[in-house]
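K.L.:
This is the structure, below, for whatever I ask next.
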Amino acid sequence: MVSVINTVDTSHEDMIHDAQMDYYGTRLATCSSDRSVKIFDVRNGGQILIADLRGHEGPVWQVAWAHPMYGNILASCSYDRKVIIWKEENGTWEKTHEHTGHDSSVNSVCWAPHDYGLILACGSSDGAISLLTYTGEGQWDVKKINNAHTIGCNAVSWAPAVVPGSLIDQPSGQKPNYIKKFASGGCDNLIKLWKEEEDGQWKEEQKLEAHSDWVRDVAWAPSIGLPTSTIASCSQDGRVFVWTCDDASSNTWSPKLLHKFNDVVWHVSWSITANILAVSGGDNKVTLWKESVDGQWVCISDVNKGQGSVSASVTEGQQNEQ
C-alpha cells in the first residue's frame with residue numbers, strides 16, 4: 001500500500017509545475033506560474049517556508065538541486081528564457097548566476113552526477129541544449145548544442161556515473177572510465193542520447209523513436225552497475241515507455257509500453273533504487289509502477305489529487321497544464 005505522508009500548502013498563487021526534494025529529503029523546492037521559486041523545510045512532517053525566490057519574469061517550469069558537496073545550490077528555468085542558479089550563503093538564499101543564452105523558454109534543467117563536477121544541462125524551446133560548467137571564482141563555462149531538437153527541447157536527464165556491468169566485471173582498484181552521457185526529449189517526438197567526445201564536444205549518439213507526439217519528459221534510471229541501462233519517457237500522446245539497453249557496446253535500446261493514459265503525461269521520475277517509476281499526468285494524478293517478475297509493469301498505487309485515498313486502478317480525468 002502507498003499512503004500520502006505529507007501535504008504542503010505552498011501558497012503559490014498559480015499552478016505548480018515542479019517540486020523537488022533535496023539530497024537529504026529535508027527541504028522541498030517548488031516553482032510556479034506565479035514566477036516564484038519557494039523552498040520549504042519539511043522535516044518531521046512540518047512545512048516552514050525558508051525562502052521565496054523572485055527573479056524570473058515568467059512561469060518557472062522546473063527546479064533542480066545540486067549535490068550538497070557543492071553547498072546548497074538550486075537551479076530554476078523559466079518561460080522568460082533564463083536559467084537562474086541560487087545559492088545559500090550564511091542562511092540566506094541569493095542569485096549566484098543567471099544564464100541568458102537561450103532565445104526561447106527554457107523548459108528543463110538537470111545537474112550532472114556530482115562525480116563530474118558542477119555541470120547543469122538546460123533544454124529550451126529554441127531547440128538548443130546548453131551545458132553550464134562551474135570553473136571556479138563565480139565563473140561558468142557554456143557549451144551549446146544547437147538544433148538538438150527541431151521546434152524545441154522539453155526535457156534533459158543525465159545518465160548515472162556508473163559504467164554498465166561494472167558491478168560484475170570492474171577490476172578492483174581500477175578507476176572506471178566515465179563517459180558523460182545524457183538523454184533529451186523534444187517536440188520532434190524523439191528521445192536523443194548525447195555523449196561527450198574526447199575533445200569535449202557533444203555528439204548525438206542515438207535516436208529513440210516510439211512516441212507519436214511531443215516527448216514531455218525523460219528520466220534515466222539510477223544504477224548500481226548492473227549490465228542493463230534504463231530510461232523512462234512520457235509524451236503528449238499519453239504513452240509511457242521504458243527503454244532498456246542490455247549491451248553497452250551495441251547500444252541497442254528496446255522500448256516497452258508501460259501504459260497508455262487518456263491524457264498527456266507530463267513527468268516520469270525514478271525511485272532512488274530504480275525499481276519504482278512515478279508517473280504524473282494531465283488527469284491530475286500520480287501513479288506508481290513496478291516491474292513484475294515476468295517483466296510486465298504493474299500499477300502499485302494510485303494517489304488521487306488532494307486526497308490520501310489509494311486504489312489499484314487507473315482512472316482518467318481531464319485537466320490541462322502549462
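The values are calculated or read from the model by the stated rules, or taken from the named source; none is laboratory data. All values derive from a computational prediction rather than experimental measurement. Here the Cβ is made from the backbone with ideal geometry for all residues, glycine too, and neighbour counts use every protein chain on show. With ligands, DNA and RNA removed, areas are computed over all heavy atoms of the protein, side chains included. Shrake-Rupley method; radii C 1.70, N 1.55, O 1.52, S 1.80 Å.
K.L.:
Rounded to the nearest 500, what is the 222 nm mean residue ellipticity of the chain from helices alone, with -39500 (n - 2.57) per DSSP H run of 4+ residues and division by all residues? Show your work: numbers first, answer last.
P.N.:
Details: 1 runs with 4 residues, N = 322.
After summing the helix terms and dividing by the residues of the chain, the value is 0 deg cm²/dmol.
K.L.:
At most 14 other C-beta atoms within 10 Å and a DSSP loop state: those are the exposed GluC sites (Glu not before Pro) I care about. Give me the longest piece of the chain that has none.
P.N.:
Details: sites that count: Glu13, Glu57, Glu137, Glu197, Glu198, Glu316.
In the chain, the maximal stretch lacking such sites is 199-315.
K.L.:
A follow-up question, please. What residue among Gln206, Thr150, Ser104 has its Cα farthest toward the positive end of the dipole of the chain, where the charges are +1 on Lys, Arg and -1 on Asp, Glu, each on the Cβ?
P.N.:
Ranked along the dipole, the leading option is Gln206.
K.L.:
Evaluate the Kirkwood expression for the hydrodynamic radius of segment 1-131, namely the inverse of the mean inverse distance over all pairs of different C-alpha atoms, and round to one decimal in Å. Intermediate results must be reported in sequence, preceding the final value.
P.N.:
Values: mean 1/r = 0.0666 Å⁻¹.
The Cα-based Kirkwood calculation yields 15.0 Å.
K.L.:
Can you give me the % of accessible surface on segment 164-275 that is carbon or sulfur? Probe 1.4 Å, all protein chains present, nothing else counted.
P.N.:
On the way: 2630 of 5490 Å².
Whole-percent figure for carbon plus sulfur exposure: 48.
K.L.:
I need the P(r) histogram for segment 199-310: all alpha carbon pairs, bin width 10 Å from 0 out to the longest distance, whole percents.
P.N.:
Result, from short to long distances: 13, 43, 32, 9, 2, 0 percent.
K.L.:
So between Asp199 and Arg43, what do we pick up on full extension, going 0.36 nm a residue minus the alpha carbon distance?
P.N.:
On the way: separation 156, 0.36 × 156 = 56.16 nm, distance 4.44 nm.
The Asp199-Arg43 span can extend by a further 51.7 nm.
K.L.:
Through the Karplus equation 6.51 cos²θ - 1.76 cosθ + 1.60, θ set to phi - 60°, convert the phi angles of segment 269-277 into ³J(HN,Hα) values in whole Hz; use x for Gly and Pro.
P.N.:
Here the 3J(HN,Hα) series is 8, 8, 5, 5, 8, 6, 9, 10, 10 Hz.
K.L.:
Identify the chymotrypsin sites (Phe, Trp or Tyr not before Pro) of segment 1-81 meeting these criteria: DSSP loop state and at most 10 other C-beta atoms within 10 Å of the C-beta. Display every interim value, and only then the final one.
P.N.:
Details: sites: Tyr23, Tyr24, Phe40, Trp61, Trp65, Tyr70, Tyr79; in loops: Tyr23, Tyr24, Tyr79.
In loop regions of segment 1-81 (DSSP not H, G, I, E or B), the sparsely surrounded chymotrypsin sites (Phe, Trp or Tyr not before Pro) are Tyr24.
K.L.:
Can you pull the one-decimal nm distance between simple spin-label points at Thr7 and Asp52, each 7 Å off the Cα toward Cβ?
P.N.:
Here the modelled spin labels are 2.2 nm apart.
K.L.:
To the nearest Å, what is the center-to-center distance of segment 21-67 and segment 72-113, using C-alpha atoms only?
P.N.:
Each part reduced to its Cα centre gives a spacing of 12 Å.
K.L.:
Name the long-range amide H neighbours of Leu190: under 5 Å, sequence gap of 5 or more, or other chain; modelled H, no Pro or chain starts.
P.N.:
Val215
K.L.:
Here is a further query. Classify segment 105-218 as rounded, prolate or oblate from the Cα gyration tensor: take a ≥ b ≥ c as the square roots of its eigenvalues, call it rounded if a/c is under 1.5, otherwise prolate when a/b beats b/c and oblate if not. Walk me through the numbers on the way to the answer.
P.N.:
Working: a/c = 2.33, a/b = 1.34, b/c = 1.74.
Here segment 105-218 falls in the oblate category.
K.L.:
Okay, moving on. Stretch Tyr116-Gln296 to full length: gain in nm at 0.36 nm per residue minus the Cα-Cα span? Intermediate results must be reported in sequence, preceding the final value.
P.N.:
Values: separation 180, 0.36 × 180 = 64.80 nm, distance 3.45 nm.
Extending this stretch completely gives an extra 61.3 nm.
K.L.:
Further, regarding this structure: Taking 0.36 nm per residue of sequence separation and subtracting the Cα-Cα distance, how much length would be gained by fully extending the chain between Ile151 and Met69, in nm to one decimal?
P.N.:
On the way: separation 82, 0.36 × 82 = 29.52 nm, distance 3.62 nm.
Once the chain is fully extended between Ile151 and Met69, it gains 25.9 nm.
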